[in-house]
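Below: one structure, written as C-alpha coordinates.
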Amino acid sequence: MKIHKEGFRVIPLMAVLTGGLYALLYWLIPFFIVQLMLALVGFIFLALVVRFFRDPEVATPGRDGVIYAPAEGKVVVIEKTYEGEYHKEDRIQISIFMSPFNVHVNRSPIKGVVDFFKYHPGKFLVAWHPKSSTNNERTSVVFKTANDVTILMRQIAGTVARRIAFYPKVGDEVTQGASVGFIRFGSRVDLFLPLDAQIKVKIGDLTKGGETEIAALS
(Lines give C-alpha, C1' and ligand atoms only; values in the text may rest on other atoms or scores of the structure.)
Protein backbone atom coordinates (compact mmCIF):
# COMPACT_ATOMS: atom_id res chain seq x y z
CA MET A 1 0.00 0.00 0.00
CA LYS A 2 1.41 3.36 -1.04
CA ILE A 3 1.52 5.98 1.72
CA HIS A 4 0.93 9.66 0.93
CA LYS A 5 3.78 12.02 1.77
CA GLU A 6 1.57 13.79 4.33
CA GLY A 7 1.87 10.65 6.45
CA PHE A 8 5.67 10.49 6.47
CA ARG A 9 5.89 12.69 9.57
CA VAL A 10 2.60 11.84 11.29
CA ILE A 11 2.90 8.04 11.22
CA PRO A 12 6.34 7.85 12.93
CA LEU A 13 5.21 10.44 15.49
CA MET A 14 2.08 8.44 16.30
CA ALA A 15 4.15 5.26 16.53
CA VAL A 16 6.53 6.86 19.06
CA LEU A 17 3.70 8.35 21.14
CA THR A 18 1.73 5.10 21.12
CA GLY A 19 4.82 3.07 22.02
CA GLY A 20 5.72 5.46 24.84
CA LEU A 21 2.21 5.39 26.26
CA TYR A 22 2.10 1.61 26.04
CA ALA A 23 5.47 1.30 27.84
CA LEU A 24 4.24 3.56 30.64
CA LEU A 25 0.97 1.68 31.09
CA TYR A 26 2.81 -1.66 30.80
CA TRP A 27 4.95 -0.60 33.76
CA LEU A 28 2.03 0.79 35.77
CA ILE A 29 -0.38 -2.12 35.17
CA PRO A 30 1.40 -5.44 35.68
CA PHE A 31 -1.47 -7.65 34.52
CA PHE A 32 -0.86 -9.73 31.40
CA ILE A 33 -4.42 -9.61 30.07
CA VAL A 34 -4.53 -5.81 30.41
CA GLN A 35 -1.11 -5.48 28.79
CA LEU A 36 -2.30 -7.67 25.93
CA MET A 37 -5.43 -5.55 25.43
CA LEU A 38 -3.37 -2.36 25.48
CA ALA A 39 -1.03 -3.79 22.85
CA LEU A 40 -4.02 -4.71 20.68
CA VAL A 41 -5.56 -1.24 21.04
CA GLY A 42 -2.24 0.39 20.16
CA PHE A 43 -1.82 -1.82 17.09
CA ILE A 44 -5.35 -1.07 15.85
CA PHE A 45 -4.83 2.67 16.38
CA LEU A 46 -1.57 2.68 14.39
CA ALA A 47 -3.14 0.57 11.64
CA LEU A 48 -5.96 3.12 11.31
CA VAL A 49 -3.47 6.01 11.14
CA VAL A 50 -1.49 4.25 8.40
CA ARG A 51 -4.69 3.44 6.54
CA PHE A 52 -5.80 7.07 6.68
CA PHE A 53 -2.72 8.15 4.72
CA ARG A 54 -3.10 5.56 1.97
CA ASP A 55 -2.62 6.84 -1.57
CA PRO A 56 -4.11 4.32 -4.02
CA GLU A 57 -3.27 4.30 -7.70
CA VAL A 58 -6.04 5.84 -9.82
CA ALA A 59 -6.56 5.34 -13.55
CA THR A 60 -8.57 8.38 -14.64
CA PRO A 61 -10.02 7.84 -18.16
CA GLY A 62 -9.11 11.42 -19.11
CA ARG A 63 -12.15 12.33 -21.21
CA ASP A 64 -12.50 15.90 -22.46
CA GLY A 65 -15.61 17.63 -21.18
CA VAL A 66 -16.02 15.27 -18.22
CA ILE A 67 -15.53 16.43 -14.64
CA TYR A 68 -14.29 13.74 -12.27
CA ALA A 69 -14.69 13.60 -8.50
CA PRO A 70 -11.91 15.49 -6.70
CA ALA A 71 -12.25 13.26 -3.64
CA GLU A 72 -13.53 9.98 -2.25
CA GLY A 73 -16.63 10.36 -0.11
CA LYS A 74 -20.36 10.99 -0.14
CA VAL A 75 -22.25 13.60 -2.16
CA VAL A 76 -24.05 15.78 0.41
CA VAL A 77 -24.97 18.91 -1.60
CA ILE A 78 -26.19 19.54 -5.14
CA GLU A 79 -27.70 23.00 -5.50
CA LYS A 80 -27.58 26.27 -7.37
CA THR A 81 -25.74 28.87 -5.33
CA TYR A 82 -24.05 32.22 -5.78
CA GLU A 83 -20.26 31.89 -5.94
CA GLY A 84 -18.98 35.32 -4.96
CA GLU A 85 -15.25 34.86 -4.59
CA TYR A 86 -14.09 34.28 -8.17
CA HIS A 87 -16.93 33.84 -10.66
CA LYS A 88 -19.36 36.23 -8.96
CA GLU A 89 -22.33 34.45 -10.51
CA ASP A 90 -24.69 31.56 -9.88
CA ARG A 91 -23.09 28.13 -10.12
CA ILE A 92 -24.02 24.52 -9.42
CA GLN A 93 -22.40 23.53 -6.15
CA ILE A 94 -21.58 19.86 -5.58
CA SER A 95 -20.13 18.97 -2.19
CA ILE A 96 -18.40 15.71 -1.23
CA PHE A 97 -17.99 14.86 2.46
CA MET A 98 -14.93 12.80 3.37
CA SER A 99 -15.12 10.81 6.60
CA PRO A 100 -11.91 9.78 8.41
CA PHE A 101 -12.28 6.38 6.73
CA ASN A 102 -12.14 7.76 3.16
CA VAL A 103 -9.03 8.35 1.08
CA HIS A 104 -8.14 12.00 1.71
CA VAL A 105 -6.12 12.65 -1.43
CA ASN A 106 -7.64 15.48 -3.49
CA ARG A 107 -7.45 15.19 -7.29
CA SER A 108 -7.80 17.58 -10.19
CA PRO A 109 -11.33 17.27 -11.63
CA ILE A 110 -10.22 18.40 -15.10
CA LYS A 111 -7.14 18.82 -17.26
CA GLY A 112 -6.03 22.43 -17.35
CA VAL A 113 -4.11 25.17 -15.56
CA VAL A 114 -4.35 26.42 -11.98
CA ASP A 115 -5.74 29.92 -12.57
CA PHE A 116 -6.37 31.07 -8.98
CA PHE A 117 -5.51 30.06 -5.42
CA LYS A 118 -6.37 31.57 -2.05
CA TYR A 119 -6.14 30.29 1.53
CA HIS A 120 -8.77 31.41 4.04
CA PRO A 121 -8.28 30.97 7.79
CA GLY A 122 -11.53 30.24 9.62
CA LYS A 123 -13.55 28.10 11.99
CA PHE A 124 -13.75 24.32 12.27
CA LEU A 125 -17.48 23.63 12.04
CA VAL A 126 -18.54 20.09 11.16
CA ALA A 127 -17.83 19.65 7.46
CA TRP A 128 -21.49 19.08 6.52
CA HIS A 129 -22.62 22.32 8.19
CA PRO A 130 -24.20 24.66 5.56
CA LYS A 131 -21.88 27.53 6.54
CA SER A 132 -18.68 25.46 6.52
CA SER A 133 -18.15 26.41 2.85
CA THR A 134 -17.76 30.09 3.78
CA ASN A 135 -16.87 30.09 7.51
CA ASN A 136 -14.38 27.23 7.92
CA GLU A 137 -10.67 27.21 7.21
CA ARG A 138 -10.47 26.50 3.49
CA THR A 139 -8.68 27.00 0.21
CA SER A 140 -10.21 28.13 -3.06
CA VAL A 141 -8.63 26.80 -6.26
CA VAL A 142 -9.71 27.55 -9.82
CA PHE A 143 -8.86 25.22 -12.70
CA LYS A 144 -9.12 26.52 -16.28
CA THR A 145 -9.47 24.26 -19.31
CA ALA A 146 -7.97 24.88 -22.74
CA ASN A 147 -11.44 26.16 -23.75
CA ASP A 148 -11.36 28.77 -20.94
CA VAL A 149 -13.97 26.93 -18.84
CA THR A 150 -13.26 27.58 -15.15
CA ILE A 151 -14.17 25.36 -12.20
CA LEU A 152 -13.66 26.37 -8.60
CA MET A 153 -12.71 23.66 -6.10
CA ARG A 154 -12.87 24.47 -2.40
CA GLN A 155 -11.03 22.35 0.18
CA ILE A 156 -12.75 22.73 3.54
CA ALA A 157 -11.44 21.73 6.96
CA GLY A 158 -13.82 19.89 9.28
CA THR A 159 -14.07 19.63 13.06
CA VAL A 160 -10.91 17.57 13.46
CA ALA A 161 -9.11 18.60 10.25
CA ARG A 162 -6.12 20.79 11.03
CA ARG A 163 -4.15 20.78 7.80
CA ILE A 164 -5.16 21.56 4.24
CA ALA A 165 -2.50 21.03 1.59
CA PHE A 166 -2.58 22.09 -2.06
CA TYR A 167 0.63 21.53 -4.03
CA PRO A 168 0.47 23.13 -7.53
CA LYS A 169 1.08 26.86 -7.94
CA VAL A 170 -0.90 29.35 -10.02
CA GLY A 171 0.08 28.82 -13.64
CA ASP A 172 0.96 25.14 -13.20
CA GLU A 173 -0.58 22.63 -15.58
CA VAL A 174 -2.45 19.70 -14.05
CA THR A 175 -3.63 16.47 -15.58
CA GLN A 176 -7.10 15.11 -14.95
CA GLY A 177 -7.16 12.94 -11.85
CA ALA A 178 -3.69 14.01 -10.69
CA SER A 179 -3.06 14.26 -6.96
CA VAL A 180 -3.10 17.98 -6.10
CA GLY A 181 -3.80 18.11 -2.36
CA PHE A 182 -4.65 16.44 0.93
CA ILE A 183 -6.83 17.24 3.95
CA ARG A 184 -6.64 15.60 7.36
CA PHE A 185 -8.70 14.28 9.30
CA GLY A 186 -12.29 14.43 8.01
CA SER A 187 -13.30 17.19 5.65
CA ARG A 188 -15.22 18.30 2.57
CA VAL A 189 -14.58 19.37 -1.01
CA ASP A 190 -16.93 21.67 -2.97
CA LEU A 191 -17.05 22.08 -6.73
CA PHE A 192 -18.69 25.09 -8.39
CA LEU A 193 -19.70 24.20 -11.95
CA PRO A 194 -21.33 26.13 -14.83
CA LEU A 195 -25.13 26.14 -14.70
CA ASP A 196 -25.37 24.22 -17.97
CA ALA A 197 -23.21 21.34 -16.73
CA GLN A 198 -24.94 17.97 -16.94
CA ILE A 199 -24.85 16.54 -13.41
CA LYS A 200 -24.23 12.79 -13.25
CA VAL A 201 -24.51 12.18 -9.48
CA LYS A 202 -27.24 12.55 -6.87
CA ILE A 203 -27.37 13.20 -3.13
CA GLY A 204 -26.06 10.19 -1.22
CA ASP A 205 -23.91 8.80 -4.04
CA LEU A 206 -20.46 7.54 -3.08
CA THR A 207 -17.55 8.83 -5.12
CA LYS A 208 -13.98 7.80 -5.83
CA GLY A 209 -11.46 10.54 -6.50
CA GLY A 210 -10.36 10.65 -10.13
CA GLU A 211 -12.76 7.86 -11.14
CA THR A 212 -16.38 8.89 -10.55
CA GLU A 213 -17.94 11.13 -13.21
CA ILE A 214 -19.46 14.15 -11.48
CA ALA A 215 -20.69 16.11 -14.50
CA ALA A 216 -20.24 16.76 -18.19
CA LEU A 217 -19.63 20.19 -19.70
CA SER A 218 -22.05 21.26 -22.43
_Test of understanding: what is the full-extension gain from T81 to R63, defined as 0.36 nm times their sequence separation minus their Cα-Cα distance?_
3.8 nm
*Amide H contacts of K200 (H built 1.01 Å from N, under 5 Å, at least 5 apart or other chain)*: A215, A216
*Once both axes come from the Cα atoms, what is the angle between helix 32-52 and the longest principal axis of the chain, in degrees from 0 to 90, rounded to 10?*
20
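Would you please name the GluC sites (Glu not before Pro) within the stretch 22-118 that are DSSP coil residues with at most 12 other C-beta atoms within 10 Å of their C-beta? Don't jump to the answer; show the numbers that get you there.
Numbers: sites: E57, E72, E79, E83, E85, E89; in loops: E57, E72, E85.
Loop-located and lightly packed - E57.
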*Would you mind giving the three semi-axes, in whole Å and largest first, of the ellipsoid equivalent to the chain according to its Cα gyration tensor?*
37, 17, 15
*Summing -39500 (n - 2.57) over the DSSP H runs of n ≥ 4 in the chain and dividing by its residue number, what mean residue ellipticity at 222 nm do you reach, to the nearest 500 deg cm²/dmol?*
-7000 deg cm²/dmol
*Given the stretch 143-218 reduced to its alpha-carbon atoms as identical point scatterers, what log10 I(q)/I(0) does the Debye formula return at q = 0.19, 0.23 Å⁻¹?*
-1.01, -1.37
*Which ³J(HN,Hα) values in Hz, rounded to whole numbers, follow from the phi angles of the stretch 166-178 under the Karplus curve 6.51 cos²θ - 1.76 cosθ + 1.60, where θ = phi - 60° and Gly and Pro get x?*
9, 9, x, 9, 4, x, 6, 7, 10, 8, 5, x, 5
*Helix axis angle, 7-28 relative to the chain longest principal axis, alpha carbon, degrees*: 20
*asked:* Please compute the modelled spin-label separation between E213 and N147, points set 7 Å along Cα→Cβ, answer in nm with one decimal.
replied: 1.5
*What are the trypsin sites (Lys or Arg not before Pro) within the stretch 1-38 that DSSP puts in a loop, where the Cβ has at most 15 other Cβ atoms within 10 Å?*
K2, K5
*Would you please give the residues with an amide H less than 5 Å from that of D205, counting only those at least 5 places away or on a separate chain, with H modeled from the backbone geometry?*
V75
*May I ask you to rank R54, R63 by accessible area, largest first, using a 1.4 Å probe over the protein chains only?*
R63, R54
*asked:* Could you sort the peptides 196-206, 105-115 by per-residue average Cβ neighbour count (10 Å cutoff), highest mean leading?
replied: 105-115, 196-206
_So if each residue of separation counts as 0.36 nm, and I subtract the Cα-Cα distance between V50 and Q198, what length gain in nm does that give?_
49.6 nm
*Could you work out, for the stretch 1-79, what percent of all Cα-Cα pairs fall into each 5 Å distance bin, beginning at 0 Å and stopping at the bin that holds the largest distance?*
3, 12, 15, 14, 13, 11, 9, 8, 6, 4, 3, 2, 0
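The values are calculated or read from the model by the stated rules, or taken from the named source; none is laboratory data. Everything numeric here is computed off the predicted structure, so don't read it as measured data. Positions of Cβ are backbone-derived with ideal geometry, glycine not excepted, and every protein chain shown enters the neighbour counts. Areas reflect the complete protein model, heavy atoms only, side chains present, ligands, DNA and RNA absent. Shrake-Rupley method; radii C 1.70, N 1.55, O 1.52, S 1.80 Å.
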